[in-house]
1. What shape does the range 161-403 take by its C-alpha gyration tensor, where a ≥ b ≥ c are the square roots of the eigenvalues and a/c under 1.5 counts as rounded, a/b above b/c as prolate, and the rest as oblate?
2. Which distance in nm do the two modelled labels at His132 and Val310 give, with both placed 7 Å along the Cα-to-Cβ direction?
3. Normalising by the residue count of the range 139-238, find the relative contact order in percent from Cα pairs under 8 Å and 6+ residues apart.
4. For the chain, what proportion of DSSP beta bridges, expressed in % and rounded to the nearest 5, is antiparallel?
5. Could you work out the local net charge near Asn236, counting Lys and Arg as +1, Asp and Glu as -1, over the other residues with Cβ closer than 13 Å to its Cβ?
6. Would you mind ranking Ile51, Ile136 by Cβ crowding within 10 Å, fewest neighbours first?
7. Show me the ranking of peptides 19-28, 292-301 by mean Cβ neighbours inside 10 Å, starting with the highest.
8. By count of other Cβ within 10 Å, fewest leading, how are Trp324, Trp112 ordered?
Amino acid sequence: MDSVDKLSQPKPTTPECTAYGYVPGKHNAKLVEVMPGTPCGEYLRRYWHPIALSSEVGRRPQKVKVLGEDLILFRDGAGKPGLLYPRCAHRGTNLYYGKTEEHGIRCCYHGWVFDAEGHCLEQPCEENGGSHRDRIRQPWYPLQERYGLVFTYMGPPERMPFLPRYDIFEDLQPGYQVFPQRVSGYADLAVDAKLPVPYNWLQVFENGADPFHVMILHSTFSDYPQFGEAYKVRPNVEFEALEASILNHAKHSHNGRMVDQVEELLLPNMKALYPMSIDAGRGRRITWHTPVDDTSFVKFGATVGRERLVEFDALIMTPQGKTWSQMTDDEHQVYPGDYEAQASQGLITLHSEEHLARSDIGVVMLRRMLLKEIDAVAAGKDPSGVAFTEEDALVHIGSGNFYLD
């Protein structure tokens, strides 16, 4: 082959960019990590968090993990709930194997008894039941019960706020009551809602600041409207920032009328949703996203009504009428929902790799608000949304469906 023939041969092209040498990004540790001593962990510890249903807490000790801490939850014979560090202050035996009594829990190894606030009441192997037992205090956290839920405060005792009350759950109409429940992270209670959902708490919380995903993920992507036909159209969305919450207004036409669907995200990890049926009226439900650790969470809810709300107990995900737990792997790929979209981001999403767009304004607002509050707590201030008087502890909920005409 002569030199002219060589010059006429096609040359391989060099791509401008490939995945060769790719180095994964990082998550924003300050924003999402919840272990003791971390910026976000210290921020979250300034609020009350639900950790169980009141009906679940009995005499038998149970393991609970909250904000990265392994704890023991029980109710003594007098009905008082207790949340203690599991390692017995005597020789370290786990109090999970203890036995509850009238005023506390007795360790199985040498019988030391601790009350719900960690006071050592008895040391039966010592003379006089332990002459210096009052010097011993088992590490503990305060508990309060409200709306059928058990809440704990895990922050500095001197900054403990009042447990909030919510106006939609107060002064109930005749025949109405508050229904507490564990909420499935899969919109399907056939999956045990006590099992932690395996990804970071913020990935599910900030989903509420993203009303645009409803049109795609839940309505048009699979050509099956998981939430109903009304959600197929792109809404006109506006966001409203308050002191300790963000309201997203999704306005669209329904049966010839304009409806303002208002969802509220309340600091630090709560969501108040509008009625999915688009019936006019205030929201009736609050959901808490309680971090178990950096890579898992559980959900609790409370709903006001004549009966318990079941909208997300067994959400139909496919045209064949299947719920999440009934679907095959192929069906999860064809008909994905919130779990698939959020869990597939990873145990903790890589924030540095995101390319946020105009439709992500709600997510940006929420993250900026959280970072501002995290910095405030680190500077020695109280976070927004906590109350130190009973009067200030009443929270107004702004969610609902409201006709604009």
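Every read-out reported here was derived from the displayed coordinates using simple, explicitly stated rules and does not represent laboratory data. Source: prediction; values computed, not measured. Note that each Cβ is placed from the backbone with ideal geometry, even for glycine, and that neighbours are counted across all protein chains shown.
1. On the way: a/c = 1.37, a/b = 1.19, b/c = 1.15.
In terms of gyration-tensor shape, rounded.
2. Result: 6.0 nm between the two label points.
3. On the way: 60 pairs, mean separation 13.7, N = 100.
Relative CO of the range 139-238 lands at 14 percent.
4. On the way: 75 of 77 bridges.
About 95 percent, rounded to the nearest 5.
5. Working: positive: Arg234, Lys251; negative: Glu238, Asp260.
Taking every other residue near Asn236 into account, the sum is 0.
6. Details: Ile51 27, Ile136 16.
The most exposed by this proxy come first: Ile136, Ile51.
7. Working: 19-28: 9.7, 292-301: 21.6.
Highest to lowest by the protection proxy: 292-301, 19-28.
8. Details: Trp324 25, Trp112 28.
Fewest-to-most Cβ neighbours within 10 Å comes out as Trp324, Trp112.
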